[in-house]
Amino acid sequence: MSTPALTLTDAAAGRIRELMDKASDGMIGLRIAVKARGCSGLSYDIQYASEKLKFDEVVEDKGVTVLIDPAAVMFLIGSTMDYQDDKFHTGFTFTNPNEKGRCGCGESFHV
């Protein structure tokens, strides 16, 4: 059995459902990419997706769809996407076994 590219917590799936309920017509899910930015070098980029692109990795978990940019798959394999809403942070978070370190503010990482 191979390691999934990404799994979602119940909180992440719930938040994605909320976002999709408010999204414009034609949105099919969220797309995750990894962009070169931040003081550690890489950061997660999450956008609405209106279509599946040719090489996207499709993750269907807990009733929602997440598309992963093909260039990001190698950085995300085995990761868990969560959603936090507390007094210090509101947003999606990632527990990524491929990360070797993060910047002090937690906005970027390196592998």
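Rule-based calculations on the coordinates, nothing more; no lab input. Computed from a predicted structure; not experimentally measured. So basically every Cβ, Gly included, is an ideal-geometry build from the backbone, and we count neighbours across all protein chains shown.
Tell me which aspartates and glutamates have Cα within less than 12 Å of Lys35's Cα, excluding those fewer than 8 residues away on the same chain? Straight-line reach from Lys35, under 12 Å: Asp45, Asp69, Glu107. What the Cβ-Cβ distance of Arg37 and Asp10 gives, at R0 = 35 Å and to the nearest 0.05, is a FRET efficiency of 0.75. One decimal place: the segment Ile28-Val73 gains 14.3 nm when fully extended, by the rule 0.36 nm per residue minus the C-alpha distance. This model, with +1 at the C-beta of Lys and Arg and -1 at the C-beta of Asp and Glu, gives region 1-91 a dipole about its Cα centre of some 240 debye.
Below 20 Å, Cα to Cα, which lysines can Lys62 reach? Residues fewer than 8 away in the same chain don't count. Answer for Lys62, where 20 Å is the Cα cut-off: Lys22, Lys52, listed by chain and number. Equivalent-ellipsoid semi-axes for region 1-67 (Cα gyration tensor, √(5λ), whole Å, largest first): 20, 16, 14.
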